Amino acid sequence: MKIIPALLAAALLAAPATAAPGDAAEAKALLMDSVGFASVQGRGQTPALARFYRDWLVARGFAASDFQIEELAGTAMLHFTWRAPKAKAPPMALTGHLDVVAANPADWVRDPFKAAAEGGMIYGRGVMDNKFDVAMLLATLARLKAAGFTPGRDVHLFLSGDEETDGVTSAAQAKQAKALGIEYMLNSDGGGGALDAAGAPFAYKLQASEKSYADFTLTITDPGGHSSTPGASNAIARAGLVAARIAGHRWPAQVDAITQASLAAAGAARTDELGAAMRRFAADPTDAAAIATLRVNPGTIGQIATTCVPTMISGGHAPNALPQRVTITVNCRIFPGTGIDAVKAELARIAEDPGVVFGTGIDWPVTPPSPLRADVVDAVAAAVKTRKAAVKPTPGMDAGATDSVFWRALGIPSYGVSGLFIRAEDAFAHGLNERVPEAAIAPGLQHWDVLLRRLAS
Ligand SMILES: [Zn+2]
C-alpha cells in the first residue's frame, strides 16, 4: 500500500525534469498495458503479469535465464538478477508488487482494468499502487541497458504477488534476499513526493520505517435463548461496549529518530496550530498539549502512537433469538519496536470483559526502523534535486505497511523511494478512480535513473 505524506503543506515553484520523449512514451505504454492485467487476489492474472514484465525486459536485451517466476499461494512472484560483470560491492535489491487491491467496476466511472488517459491523467486500478513505479523501474532498467550501463554490483529485482493481502510471497522473497546477502533494498512502493495544489513539488518522504500490522478477532459468546426472555447478559451489547472502549483508548505517545525528524520537518513547513504541535512534540515528546493536538488529527495520530480500531463486526443468528456469538475485528497499526503480544495484552485490559476470546488474523512482523545510510540518503537527495525544486527528502515512517516489513524483520535495511510526486487530492490508491498524472512519467524515469546510476554502478 502506498500512503502519500499526510503531514504537509506549503509551496515552492518548480520546473519538471525531463527524460527523452520516446522513453516516456514507452514507459507510459508499459504502465497502461500493465493495468490491463487484473492482478487482484483470486483472479489468476498475477502470473500473466509477471510473464508480461519478464517478456518486456527480455525483448529489451536482458537474458531470459536471469528471470524466475514462481507461483505460490495462489499468486506469483518475479525475481530478476542483473549480474555485474565484476561485482565491486555486495548485491542490492529493488522491490515492488504485482498485485492490486480489488475494484468493483460498477462503482467506477471507467473500467478499472482498462487504463484510460484523459485530461492529463491515467486512470486504472493499480496505476498508482504500485504499477506506476514498477513500470518506471522496468523502463529505467531498459534505458540503462540501452545506454550501455553495466552494474558494479548484482542488482536483484523482486516483485511480490500478494503485498495487498497475505504477504506470503513478500515473506518468501525477503528470505531469498537474506540468503543472497542483499546489503539493502529500495522499495518502489513506499515514500514519494507531494505536489501542492498548483502542481509544484514541496515535500519528499524517504520511507525508512513503518508500522507493523495486526488484525485481532474478539469473540463474545453467550448462552442465547428466546428473545422474549432476555437475561442480564447480551452478547451484542457486551461487544458494543468492548468496541467503544477500544475505539476510545488513548495509546501512549511514542517517538523514534525517524518520526522525530519527519515531524520536525513537517512542522517547520507549516504555520498553523498543527505545525506548532508537530514542532513542540519533536522537541519534547512528553508535551501533553502537543500530543492532544496531534492525537485528534487523522494525519498525525498514526505518527505518534500505535492505533487500534474496530473495523468489522458480525453476530447474532435470528431476529427473534438472543445472540449466541458476536465477533469484532480490531485492526492495529503498531509503532516500530512494539511487540504484538504487548498490544494484545493491552487490548484485553481495555476490553474489561474477561469473557472475550482473542484470535489473531494477519499479523506482520515487528520491525525496527532502518538506519539512515548516507549513500542512500545522498542518492535520494540527488534524485529529488532533478525536480528543480528546493525540496530535501525527509526520513519518514509509514503508518501502513509494505513488503519492507518482512525485509526489515530479517535485518535488511529497506527504504521506500517511490519516484512519484502527486497532489494529495489526486492520490486515490486503494480507492475509486485511482489515477496518476501523465506528467509524472518523465521525472519518474529521471528519478530511478539517478538512483540506479549512483547506487548500482
Ligand atoms: Zn502498494
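Observations on the structure shown:
- Amide H to amide H, with H built 1.01 Å from N, residue 362 comes under 5 Å of 215, counting only residues 5 or more places away or on other chains.
- Tilt relative to the chain, helix 273-283 - C-alpha long axis, 0 to 90 degrees, to 10: 80 degrees
- For the chain, the longest principal axis of the C-alpha atoms and the axis of helix 235-248 are separated by about 50°.
- The convex hull around the C-alpha trace of the stretch 295-392, projected and averaged over every direction, spans 10.7 square nanometres.
- Folded to 0 to 90 degrees: helix 257-268 orientation relative to the chain principal axis, Cα: 80 degrees
- Equivalent-ellipsoid semi-axes for the stretch 65-196 (Cα gyration tensor, √(5λ), whole Å, largest first): 29, 19, 13.
- Of all accessible heavy-atom area on the stretch 108-192, the percent that carbon and sulfur account for (1.4 Å): 51 percent
- Along each principal axis, taking the top coordinate minus the bottom one, the Cα set of the chain gives 80, 49, 46 Å in descending order.
- Counting only lysines at least 8 places from residue 88 when in the same chain, those with an alpha carbon closer than 21 Å to its own are 145, 178.
- Whole-angstrom gap from the stretch 67-89 to the stretch 152-167, using each part's C-alpha centre: 8 Å
- Loop sites in the stretch 22-87: trypsin sites (Lys or Arg not before Pro), DSSP, at most 10 other Cβ within 10 Å: 86
- For the stretch 212-363, averaging the sequence separation of C-alpha pairs within contact (under 8 Å, six or more residues apart) and dividing by the residue count gives a relative contact order of 44 percent.
- Pair-distance distribution of the stretch 164-214: all C-alpha pairs, bin width 5 Å, starting at 0; shares per bin in whole percent are 5, 13, 17, 22, 17, 11, 8, 7, 2, 0.
- Over the stretch 212-363: Rg over Rh, Cα atoms, Kirkwood Rh: 1.12
- Solvent-accessible ranking of 236, 313, largest area first, probe 1.4 Å: 313, 236
- Between the stretch 418-457 and the stretch 358-382, the Cα center-to-center distance that results, in Å: 20 Å
- Straight-distance crosslink candidates among aspartates and glutamates, where the alpha carbon sits under 14 Å from residue 205 and sequence neighbours closer than 8 are dropped: 189, 378, 398
The values are calculated or read from the model by the stated rules, or taken from the named source; none is laboratory data. Just so it is clear, the model here is predicted, and its values are computed rather than measured. Cβ sites come from the backbone with ideal geometry, for glycine too, and all protein chains shown count toward neighbours. Just the protein is used for accessible areas: all its heavy atoms, side chains included, with ligands, DNA and RNA removed. Shrake-Rupley method; radii C 1.70, N 1.55, O 1.52, S 1.80 Å.
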